[in-house]
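Worksheet: the structure to be examined is printed underneath.
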Amino acid sequence: MYEVPPRSLRSRAGSVLRHALLILAAFVMLYPLLWMVASSLRPDSDIFNSYGLFVNTFDTTHYPDGWNALAMPFGSYLLNSAIVVLGAIVGNLVSCSMAAYAFARLEFPYKRTAFAIMLLTIMLPVHVVIVPQYILFANMDLINTFVPMILPKLLATDAFFIFLMVQFIRGIPRELDEAARIDGAGHARIFLRIILPLMVPALATTTIFTFIWTWNDFFTQLIFLTDPDLYTVPVALRSFIDAQENSSFGALFAMSIVSLVPIFLVFLFGQRYLIQGIATTGGK
């Protein structure tokens, strides 16, 4: 009769233990989300009376009530967020890719100094620059518009994405540039015809991160948007909380679940590009 070697038994036991710990850690991290889903299906009176995930009485009225609870249907706030996110994505893809190409392929005075200053801006919190930005956009009469959330993206202000793309471009052989230059291509043609198509993983990573960060951004949108008709999803969700404790938590949780659906879909379909972009960039 075949006997399993002790070392194999220890290896299997260690594998089972690791998987059990990973499942436990995943459950701990997902528990708040699962509890919010369960709470969105409970009556208001039962939401904070139970911290379990089992729902005794299903109440789906929170979803239609939350959709129509504010001044406008919640779909309008989803549309506002989609406009801001789309503008931010286009701005980052265009401006950051061009800036990254300049740092990775062009030679100009004080290039290293400019690159170092660009990296230092990563450490600047948004609270440092929000006041001068607000004053600038107020003088331009652009408060209560989507411009303050989109225009900075067109100016390559997200240094993290520039650095990510620079690292990716540095891994592309320069021989491709030289071959194109022999054929008479300039920097614009090299960038559009050679570099950009090879940057798909980095561009996909930029798109996913920009979507998630912009969709979840509350502080900036709260500062620049005071008109309820222009509220984005994070600001609209804040409207469910009443200062006098007359809050509709069931509707809030229901619309929070709705607002998370786009993030899950983007991450689900873009996960392969996200992993590939981070892996190839980090390995250069």
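Assorted remarks:
- A dipole drawn for the chain from +1 and -1 charges on Cβ atoms has a positive end, and of ALA69, VAL235, ILE190 the residue lying farthest that way is ILE190.
- Calculated FRET efficiency for the pair TRP35/ASP65, C-beta based, R₀ 25 Å, to 0.05: 0.80
- Karplus-based coupling profile of the stretch 150-161, in residue order and whole Hz: 10, 4, x, 5, 6, 10, 6, 8, 8, 5, 4, 6, with θ = phi - 60° in 6.51 cos²θ - 1.76 cosθ + 1.60 and x standing for Gly or Pro.
- Relative exposure of LYS153, LYS111, judged by other C-beta atoms within 10 Å (fewest first): LYS111, LYS153
- Rounded to the nearest Hz, the phi-derived 3J(HN,Hα) couplings of the stretch 188-203 under the Karplus curve 6.51 cos²θ - 1.76 cosθ + 1.60 (θ = phi - 60°) are 4, 5, 4, 5, 6, 8, 10, 5, 4, x, 7, 9, 3, x, 5, 5, where x marks glycine and proline.
- Highest GNM mean-square fluctuation among PHE168, PHE48, PHE249, for the chain modelled with Cα contacts below 10 Å: PHE48.
- Semi-axis lengths, Å, the stretch 1-122, gyration tensor of Cα atoms, sqrt of 5 times eigenvalues: 44, 38, 12
- For SER248, the residues 5 or more places off, or on other chains, whose built amide H falls under 5 Å of its own are ASP242.
- Label selected from (i) 119; (ii) 225; (iii) 130, the criterion being volume of the Cα convex hull per residue in Å³ as computed here: (ii)
- Hydrodynamic radius (Kirkwood) for the stretch 6-59, which is based on Cα pairs only, to one decimal in Å: 13.4
- Note on the stretch 6-59: dipole from Cβ charges, positive end direction compared against MET29, GLY14, PHE58; the farthest Cα belongs to GLY14.
- Over the stretch 126-284, the ratio between the Cα radius of gyration and 2.2 N^0.38 Å evaluates to 1.36.
- Each principal axis of the Cα cloud of the stretch 99-158 was taken in turn, and the coordinate range along them, longest first, works out to 40, 20, 15 Å.
Rule-based calculations on the coordinates, nothing more; no lab input. Since the structure is predicted, the reported quantities are computational estimates derived from the model, not experimental observations. Counting neighbours? That spans all protein chains shown, and the Cβs are built from the backbone with ideal geometry, glycine included.
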